[in-house]
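So that we are looking at the same thing, I have put the structure below in C-alpha cells.
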C-alpha cells in the first residue's frame, strides 16, 4: 500500500542535506542569515517554502492553514536562527519546526488531513475494485468510483492519530526517509517504522473491502 523502501545510504544523506542546493551553498546562506542578512534568509525561504507548504498542506488539507502555518514556521525559524548549530541539516531543522507547529495546530483544532487516491500503489491495484478503475470504463463511471474510494480513504485517515498520519504524510507524500523523519519527529528510526507499519495495517484493515 505504500511506496518502496528508500534508496541507499548515500542517496539519503544527500537528500537530507537539501533537495535543491549543495550543502556549502545552504550553509553559507544560513551563516549570513545568522549574522543578520535578511536577503540571505529570503533566499532560504524561496528555497524551502514550496516543499514546507506541501508537507503542512498534506497534514491539514487546508490551504489557508498551510499558508499561515508555513509563515509561522519561517518566523519561528528566523527568531531561532542562533540556536541552529548545524548538528542536522538546516532542511531537517526547518521541517521539524514546521511539523511541530502543525501538530500543535491539529491538536488544538482537531482537524484532519486526507490521503489522496494517488498514494495507493500498484501492489494493491489487483483487487476487483481497482480493476474497475481502468481507462476502459466510461469517464463518468470511473470518476464516481474514484470519488467513492477517495471518500473511504479520507474516512480511514480520520481514524489515525496525528503522529501516525504525520509520518504517513512525510514518508508517502513528501518522500522523506525513515532517518529524516526520525530526526524531524525526534524519535528513533525504529519508532518511525513501527508507526508506519501500524498505519499501514490500520488503513488496509479499514479499506479491506476495497483492497481484497
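How high is the FRET efficiency from residue 49 to residue 209, r the C-beta distance, R0 25 Å, rounded to 0.05?
Numbers: r = 40 Å, r/R0 = 1.59.
E(calc), rounded to 0.05, equals 0.05.
Next question, about the same structure. If a/c stays under 1.5 just call it rounded; otherwise compare a/b with b/c (prolate if a/b is bigger, oblate if not). Do that for region 148-199, with a ≥ b ≥ c from the square roots of the Cα gyration tensor eigenvalues.
It comes out prolate by the Cα gyration axes.
How many nm is it between the label spots at residue 161 and residue 109, if each spot is 7 Å from the Cα in line with the beta carbon?
Roughly 2.2 nm, to one decimal.
Let me ask something else. Say R0 is 22 Å: what FRET efficiency, to the nearest 0.05, do residue 78 and residue 25 get from their beta-carbon distance?
Efficiency computed from Cβ-Cβ geometry: 0.70.
None of the figures in this text is laboratory data; all of them are computed from the coordinates on show. This one's a predicted model, so the numbers in the text were calculated from it and none came from an experiment. Here Cβ is always computed from backbone atoms with ideal geometry, including for glycine, and neighbour counts include all displayed protein chains.
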